[in-house]
Amino acid sequence: MVAAVEERLAHFFVTRREYIAPLGPVVIDAARALENFVLRGGKRTRPAFAWTGWLGAGHSADDPEADAVLTACAALELVQAAALIHDDIIDSSRTRRGFPTVHVDYETRHRDGQWAGDSAHYGASIATLIGDLALAWADDMTRDAGLDPAALHRFGPVWAAMRTEVLGGQMLDIHGEAGGDESVEAALQINRFKTAAYTIERPLHLGAALADADPELIAAYREFGTDIGIAFQLRDDLLGVFGDPAVTGKPSGDDLREGKRTVLIAEALRRADLSDPPAAALIRSSLGTDVTPDEVTELRRILTDLGAVDAVEERIAGLTDQALAALDASTATADAKRQLRAMALAATARSY
């Protein structure tokens with residue numbers, strides 16, 4: 001599955017060269033940076049859920065339309081690339097998967113070339129446009145996948161909803177940090193739209209739409225996808241504070257430095273306000289600052305002692321149980337149920 005997705009992505013980038021070539025070396029190099037970013041690695045989670053959703057509605061990899069469906073599923077990796085590149089700019093992240101983020105790469109090129117203007121602004125500007133290019137090319141890839149008109153007609157509204165949700169979720173995230181909303185409810189809403197929708201719920205929905213699945217299966221997929229998608233993000237929130245940099249590819253405690261108002265932080269603040277005001281004050285004053293490794297260790301201890309970590313783990317377990325119950329009760333094929341169960345557990349119990 002991963003190899004097949006990457007083969008289609010690599011082929012797609014080749015097809016874009018005729019459009020890029022007349023624009024000259026600067027744009028050619030930017031397209032190459034996007035290609036390297038997309039093909040550098042990844043679990044290809046979103047295409048896998050979309051493809052499994054299609055199979056689970058009663059289709060087979062031997063079906064005549066399978067190649068077009070898989071190509072359309074692979075285009076989700078370009079949406080993911082756009083989201084990650086833009087997210088890294090917004091969060092001022094310096095590394096991604098063990099490499100400099102795209103905006104940092106271009107910031108360095110500007111500085112090394114001693115070009116005019118501010119290096120950081122140049123890097124963010126070029127990276128923003130590379131992210132925009134990824135999103136535009138995702139549309140191109142689905143349009144050119146070879147889907148029949150009826151399938152493309154069913155696919156279109158779900159694709160449109162997904163793009164709007166992920167961008168809207170990012171806006172909610174930015175506003176949440178600026179507006180200081182520290183509630184668990186606000187953090188969960190961000191998780192729902194910024195991550196869950198385009199990571200699992202909508203990919204499954206896209207696969208089901210391509211398969212012309214019945215409304216009951218679509219509803220079950222969406223319930224499963226929403227719960228597992230939120231649980232996936234909750235796990236990511238824990239790893240953003242407690243993850244091993246050698247495994248995650250990001251500095252230890254990076255979410256604390258970025259000031260992310262996650263469910264973990266919201267849960268900790270809710271508890272600290274009731275039982276330990278000094279701890280609440282320390283958490284608030286530390287978020288969004290360049291905390292040292294020792295300060296990260298102390299914040300980890302506080303989050304754990306407050307019971308916030310256990311609360312998030314319990315929420316992950318509860319959401320996973322709900323999702324698996326919805327899956328078990330659905331009309332998805334037995335093979336798809338087994339595969340989706342395994343994917344759900346891998347997504348919610350991972351250490352990377």
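The values are calculated or read from the model by the stated rules, or taken from the named source; none is laboratory data. What you see is a predicted model, and the numbers here were worked out from it, not measured in a lab. In this analysis, Cβ positions are derived from the backbone assuming ideal geometry, glycine residues included, and neighbour counts consider all displayed protein chains.
The table below lists the values:
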quantity: Single residue of Arg96, Arg111 found to be among the charged types (D, E, K, R), surrounded by fewer than 18 Cβ atoms within 10 Å (Cβ to Cβ) and in the same structural domain as Phe37 (by TED's automatic domain parsing); calculated: Arg111
quantity: Number of positions in segment 173-193 that are buried (at least 24 other Cβ atoms within 10 Å of the Cβ) and either in contact with an Asp or Glu (Cβ under 6 Å, 6 or more places away or on another chain) or not assigned by TED's automatic domain parsing to the domain that holds Ala268 (or both); calculated: 1
quantity: Segment 330-352, residues that are among the aliphatic types (A, V, I, L, M) and within 28 Å of Glu185 (Cα to Cα); calculated: Leu340, Met343, Ala344, Leu345, Ala346, Ala347, Ala349
quantity: Residue match in segment 300-310 (condition: at pLDDT 95 or above and within 29 Å of Ala219 (Cα to Cα)); calculated: no
quantity: Boolean, Asp67 is in contact with a Gly (Cβ under 9 Å, 6 or more places away or on another chain) and of a type in the set (D, E, K, R); calculated: yes
quantity: Val291 being surrounded by 15 or more Cβ atoms within 10 Å (Cβ to Cβ) and not assigned by TED's automatic domain parsing to the domain that holds Pro100; calculated: yes
quantity: Residue tally, condition under 14 Å from Leu147 (Cβ atoms) and surrounded by 21 or more Cβ atoms within 10 Å (Cβ to Cβ), over segment 52-69; calculated: 3
quantity: Candidate set from segment 194-217 (those that are free of Cβ contacts under 8 Å to residues at least 60 places away in the same chain and more than 12 Å from Cys73 (Cβ to Cβ)); member that is surrounded by the fewest Cβ atoms within 10 Å (Cβ to Cβ); calculated: Pro215
quantity: Helices (runs of 4 or more DSSP H) fully within segment 24-82 counting 2 or more residues that are within 14 Å of the chain's Cα centre (by Cα) and at negative phi; calculated: 45-56
quantity: Checklist (1) more than 17 Å from Leu84 (Cβ to Cβ); (2) surrounded by 14 or more Cβ atoms within 10 Å (Cβ to Cβ); (3) not assigned by TED's automatic domain parsing to the domain that holds Trp137; (4) not aromatic (Phe, Trp, Tyr) applied to Ile20, failing item; calculated: (3)
quantity: Residue selected from segment 314-352 under the condition closer than 16 Å to Ala48 by Cβ, of a type in the set (A, V, I, L, M, F, W, C) and over 21 Å from the mean Cα position of the chain (by Cα), by the criterion surrounded by the most Cβ atoms within 10 Å (Cβ to Cβ); calculated: Ala332
quantity: Test: residue in segment 118-135 that is among the acidic types (Asp, Glu), surrounded by fewer than 17 Cβ atoms within 10 Å (Cβ to Cβ) and assigned to a helix (DSSP H, G or I); calculated: yes
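Yes/no matrix, rows are residues, columns are (1) of a type in the set (Phe, Trp, Tyr); (2) at pLDDT 95 or above; (3) touching a Lys or Arg at 6+ places or on another chain (Cβ under 9 Å):
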{"residue": "Ala266", "(1), (2), (3)": "no, yes, no"}
{"residue": "Arg271", "(1), (2), (3)": "no, yes, no"}
{"residue": "Leu274", "(1), (2), (3)": "no, yes, no"}
{"residue": "Asp290", "(1), (2), (3)": "no, no, yes"}
{"residue": "Pro293", "(1), (2), (3)": "no, no, no"}
